[in-house]
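Enquirer: I am attaching a structure below and will ask some questions about it afterwards.
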Amino acid sequence: MKVGIAGAGSIAFGTAALLHKMGHASMLWSPSGAGTAALRAGGSLKATGAIEATFTPALAGDAKELASANDVIVLAIPGYGHKAVMDALVPHLRDGQAVIISSHASFGALYLADRLRARGVHLPITAWGTTVVTGRKQAGDQVQVNTVRSLVDLCTVPAAESDAGKALCEQLFGERFNLRDGLLAITLSNLNPQNHMGIALANATRMEKGETWGQGDHVTPNVGRLLEALDQERLAIADKLGLSVRTIFEHFHLSFHVPVASISEMNRQMHEEGRGGMGPSTADSRYVTEDVPFGLAVTVALGRMAGCPAVLHQAGVEIFSAMYGRDFFGENDLLPAIGLEHMNLDDLCQAALTGHLSEAGERA
């Protein structure tokens, strides 16, 4: 099967490597053009670590070429790029052509479905709760794949296409997917924002000074307890909404294959086994610039709608906004685009089921 990947960072490269391993052809599109410059010059992509492969992915020059040449489109870009890339793809996507969002952010599936509906185009949009791989781009033509997750939560919009969406993902990436009960569950299944908040907040000076530091090594007991407390807020919102989502303990166990213990102890074992990863070496990290406005802010909004305030998550957004001199609540361009502030919880649940925004959202 031909799969077009919008993105050219570590997750896009790692996803292409997994597709290659599964016997599928991939095409990469770098919206800026910079991410695939080395591949255009050299041709081959080398993956090491959890996936060992050298292969030559096709390269797209623009969104039109990516959409027209492939059966499936995967979005593997930071949340702050989702709206612009969706806008670029919308004119070229066609009926029935599947889209996978890796990983889903800020109800972007609803934004994309609404824009396609305005064109009269109907297609399934599958949202992942997290990425299928983790890793780091080593060079313009090299990626270190740290892990291939054993379980990834997903749903499809509209919900009637969920079984087909899961079957497609398994065909492409293997039997590693768990069907969750809709887009709200997927939104609350992404643990990266809460985890990255605690890690980045506790290690902010290391990031700002460009130090080299092991991430697992620095999830100390105090940091681990903060992550566990953030997780309790997220789980409380899910419980209030009647949704089942995995815990932070299940996340680390399933994603990084360590026994369940305290979060600090699990990260310590990952570090000792050489799988704890490296922390960000810049303050301009997706741990903040993506996860705060497109992750934490969404949990805050859902908590408010559910009557279950996410006090620590909100404090995180406000603290990072003060530290960076930016309004991270205001930097989310997807929530205003779907008119979330004009919706009630019933509106949002119905939109998540059908992919159709309510009249309240459409008036925004």
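Enquirer: So what is the relative contact order for the chain, in percent, with contacts set as C-alpha pairs under 8 Å and at least six apart? Don't skip to the end; give the middle numbers.
Expert: Values: 726 pairs, mean separation 56.5, N = 364.
That works out to 16 percent.
Enquirer: Okay, moving on. List the pairs from Lys64/Lys137; Lys21/Lys46; Lys46/Lys209; Lys21/Lys137; Lys2/Lys166 whose alpha-carbon separation is above 20 Å, in the order I gave them.
Expert: On the way: Lys64/Lys137 26 Å; Lys21/Lys46 12 Å; Lys46/Lys209 30 Å; Lys21/Lys137 18 Å; Lys2/Lys166 17 Å.
Over 20 Å Cα-Cα: Lys64/Lys137; Lys46/Lys209.
Enquirer: Once the whole set of protein chains is in place, how much accessible area is left on Arg136, using a 1.4 Å probe, in Å² to the nearest 10?
Expert: Estimated to the nearest 10 Å², Arg136 gives 100 Å².
Enquirer: Can you give the local net charge around Ala6? Use residues other than it whose beta-carbon is closer than 13 angstrom to its beta-carbon, Lys and Arg +1, Asp and Glu -1.
Expert: On the way: positive: Lys64, Lys83; negative: Asp62, Glu65, Asp87.
It works out to a net charge of -1.
Enquirer: Sticking with this structure for a sec: Between Ala41 and Thr282, 0.36 nm times their residue separation minus their Cα-Cα distance comes to what? Show your work: numbers first, answer last.
Expert: On the way: separation 241, 0.36 × 241 = 86.76 nm, distance 2.78 nm.
Result: 84.0 nm gained on full extension.
Enquirer: If you stretched the chain out fully between Arg225 and Asp346, how much longer would it get, using 0.36 nm times the residue separation minus the C-alpha to C-alpha distance? Numbers along the way, then the final one.
Expert: Working: separation 121, 0.36 × 121 = 43.56 nm, distance 3.39 nm.
Separation in residues times 0.36 nm, less the Cα-Cα distance, equals 40.2 nm.
Enquirer: Please compute the length gained on full extension between Arg176 and Ala159, using 0.36 nm multiplied by the number of residues separating them and subtracting their Cα-Cα distance. Walk me through the numbers before you get to the answer.
Expert: On the way: separation 17, 0.36 × 17 = 6.12 nm, distance 1.96 nm.
Residue separation times 0.36 nm, minus the Cα-Cα distance, leaves 4.2 nm.
Enquirer: What is region 212-363 by shape, rounded, prolate or oblate, if you read a ≥ b ≥ c off the alpha carbon gyration tensor as root eigenvalues and call it rounded for a/c under 1.5, prolate for a/b larger than b/c, and oblate otherwise? Mind dumping the intermediate values first?
Expert: Working: a/c = 2.35, a/b = 1.61, b/c = 1.46.
Judged from the Cα gyration tensor, region 212-363 comes out prolate (a/c at least 1.5, a/b above b/c).
Enquirer: Give the carbon-plus-sulfur fraction of the accessible surface of region 246-287 in %, rounded to a whole number; probe 1.4 Å, heavy atoms of protein chains only.
Expert: Numbers: 1090 of 2020 Å².
Ligands and nucleic acids excluded, carbon and sulfur reach 54 percent.
Enquirer: Moving to a separate point now. Taking the alpha-carbon centroid of each part, what is the distance from region 118-173 to region 1-80 in angstrom?
Expert: Centre-to-centre distance over Cα atoms comes out at 13 Å.
Enquirer: Please say if region 298-343 is rounded, prolate or oblate, where rounded means a/c under 1.5 for a ≥ b ≥ c the square roots of the C-alpha gyration tensor eigenvalues, and otherwise the choice is prolate for a/b larger than b/c and oblate otherwise? Intermediate results must be reported in sequence, preceding the final value.
Expert: Numbers: a/c = 3.72, a/b = 1.24, b/c = 3.01.
Since a/c reaches 1.5 but b/c is at least a/b, the shape of region 298-343 is classed as oblate.
Enquirer: Select one label from (i) 28, 57, 14, 1; (ii) 31, 62, 7; (iii) 25, 49, 22, 4, 0: the one whose number is P(r) over Cα pairs in 20 Å bins from 0, in percent as derived from the coordinates shown.
Expert: (ii)
Enquirer: Follow-up question, since we're still on this one. Would you work out if region 9-129 is rounded, prolate or oblate? Take a ≥ b ≥ c from the square roots of the eigenvalues of the alpha-carbon gyration tensor; rounded if a/c is under 1.5, else prolate when a/b is larger than b/c, oblate otherwise.
Expert: On the way: a/c = 1.86, a/b = 1.69, b/c = 1.10.
Taking the square roots of the gyration eigenvalues as a ≥ b ≥ c, region 9-129 is prolate.
Enquirer: Could you report region 80-229's accessible area per residue, 1.4 Å probe, as an integer in Å²? Spell out each step's value before the answer.
Expert: Working: 5300 Å² over 150 residues.
On a per-residue basis, region 80-229 sits at 35 Å².
Enquirer: Along the charge dipole of region 168-235, pointing to its positive end and built from +1/-1 on Cβ of Lys, Arg, Asp and Glu, which listed residue (Cys169, Asn190, Gly214) has its Cα farthest out?
Expert: Value: Gly214.
Enquirer: How much of the DSSP bridge set in the chain is antiparallel, in percent, rounded to the nearest 5?
Expert: Roughly 40 percent of the beta bridges in the chain run antiparallel, per DSSP.
Enquirer: Heavy atoms only, 1.4 Å probe, whole protein assembly: order Val245, Val311 by accessible area, highest first. Walk me through the numbers before you get to the answer.
Expert: Numbers: Val245 20, Val311 95 Å².
Result, largest first: Val311, Val245.
Enquirer: Assuming R0 = 25 Å, what is the FRET efficiency of Ala261 and Thr48, from their Cβ-Cβ distance, to the nearest 0.05?
Expert: Numbers: r = 29 Å, r/R0 = 1.16.
Given R0 = 25 Å and the Cβ-Cβ separation, E is 0.30.
Enquirer: Just tell me, in residue order, which DSSP H segments of the chain are both 24 angstrom or longer along the helix axis (alpha-carbon based) and at least -0.5 in mean Kyte-Doolittle hydropathy. Show your work: numbers first, answer last.
Expert: Working: long enough: 221-240 (29 Å, -0.33).
Counting only whole DSSP H runs, the qualifying helices are 221-240.
The values are calculated or read from the model by the stated rules, or taken from the named source; none is laboratory data. Quick caveat: nothing in here was measured; it's all calculated off a predicted structure. All Cβ positions, glycine included, derive from the backbone under ideal geometry; neighbour counts span all protein chains shown. These area figures cover heavy atoms from the full protein model, side chains too; ligands, DNA and RNA do not enter into them. Shrake-Rupley method; radii C 1.70, N 1.55, O 1.52, S 1.80 Å.
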